[in-house]
Each structure stands twice: as structure tokens, then as C-alpha cells.
Amino acid sequence: MKKIFFVALFILLTGSLSHAQPVARFVQVDHDFGNVAERDKIEHDFEFSNAGDDDLLIEKIVASSGNTKAVASSNQLKPGEKGNIRVIIDLRGKKGIFLKTIEVHTNDPITPLTTLSVKMTVKDQIHMSQYTATEIFAGECRECHVDQGKGKKGWDLFKADCFMCHNAGKKTSLSTMSKRPAKELLKAIRDGIANTLMPGFDLKNGGPLDDAEIKSLMDLINP
């Protein structure tokens, strides 16, 4: 009887030991930096812990591009310990919207791969500031938003003065605007749209366009 008891106890103990395993648990797996200015680099720490009952090993970390680096605070966490994956992104020479991913491979038998992601919109120092609608017709903004469109009409005028804010893929793209009522479009071009960055382009509102130029845009958008 005692022999049977000890055999059962041995099986129970060895069985519980064999089921010990690490669990990689991240506080978050994605991060949005929002708008960031051009500079050398930005950083973010993804915190995680070992929620299991065996050592958690960071086997390898793979970033999606060469300008993105990721380093673990420790490659081994005991049960209950915490750590972080520090993501460093080099922004030199970058501008626009970027999405970077980082693959974290561990010995967690249930979730051996965790994919982290970071998103950002990189802007130059000028466009990091908030401007009122009419400010785009003055100062350093004028060079892009006014001067390039002088003497142009139709598509050429749209490309020079409008395309930067109404390009393909945006909610206010040319194809989207073409579906709006003509009266609504004309008012938006002439007078602007309140509580938005859309200014009034009519000369009467301090804008750079006369009636003929506005008509050429209307003929393009809503023929």
C-alpha cells in the first residue's frame, strides 16, 4: 500500500514539474507617437513580465527595418520578474507616416512570438506648429500655399495649392470632393470651413484666388 502511495506521489510531483512553463505578458503591444519633429531618434519602452512559473528567455528580437533597433533589458526573467523592450528609431532624413514592427521571440510555449508595433507621423519643424487657416497665406507658409499657384488654373492650380492637403487616400481627396454638392464646394473654396484648417481662398477673404481661378477649380472638381 505504501509503495502505491509513493508511486502516486512521485507521478504527481513529476507531472506538476513537467507543466511548469514561462508566460510572456506585455502591458501593451502597440504605441502611437503621434506627430514628431525631425530629429536624430525617438524611443519607447514596451514593458512585460514573466507571469509563468519557469524562467522566460528572450531568444531573439527582429525589427522590420534597419533604422529601427530593439533591445531587451534582460534576456532572462525569473517567474514574477519584469523587464522591457526598448525600441529606438532613427528619424534622420525621414518624413511622413511610418509603421514599424518588432518581433519578440521567447520560450513561452503558448505564445512564442509577440509582435510589437510603433506608429508615427514625422514632420519638419514648421509643420509641427498649429496655424490658423488664414496664416497659410502669409509668412513662410506662403511660398508653398500661394506662390506656387500664381498664374495657374484647373489641374495645375489644384496641384500647386490644393494637392498637399487633398491628395489621394484622404477623406477630402479630389474624387471624394467631386461627390459633394456644387454649391457647398464653391462656398468652401470661397469662404473656407469654420473650425478646420480650410481657409477661404477668395480674394475678398484675404485669399490668393480671383473668380476665374476659383471657377477653374470648380470645373475640375465638379465638372
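Derivation of every value follows stated rules applied to the coordinates shown; laboratory data play no part. Values in this document were obtained by computation on a predicted structure and should not be read as measured data.
The table below lists the values:
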quantity	calculated
Most mobile of D55, D40, D211 in a GNM of the chain (Cα contacts under 10 Å)	D211
Mean Cα-pair separation over length for the chain, i.e. relative contact order, pairs under 8 Å, 6 or more apart, %	16
Phi to ³J(HN,Hα) by Karplus 6.51 cos²θ - 1.76 cosθ + 1.60 over the stretch 189-196, Hz, x for Gly, Pro	5, 6, 10, x, 10, 4, 6, 9
Kirkwood hydrodynamic radius of the stretch 22-123, Cα pairs, Å	14.0
Fluctuation leader among T121, T196, T111 - the chain, Gaussian network, Cα springs under 10 angstrom	T196
Rounded to 5, the percent of DSSP beta bridges in the chain classed as antiparallel	85
Relative contact order for the stretch 130-221, counting Cα pairs under 8 Å that sit 6 or more residues apart, in percent	29
Label of the coordinate-derived value, semi-axes √(5λ) of the Cα gyration tensor in Å, listed as [x] 31, 21, 15; [y] 26, 21, 17; [z] 60, 19, 13	[z]
Over 26 Å between alpha carbons, listed pairs K153/K179; K95/K159; K123/K153; K159/K187; K94/K215; K60/K100	K123/K153; K94/K215
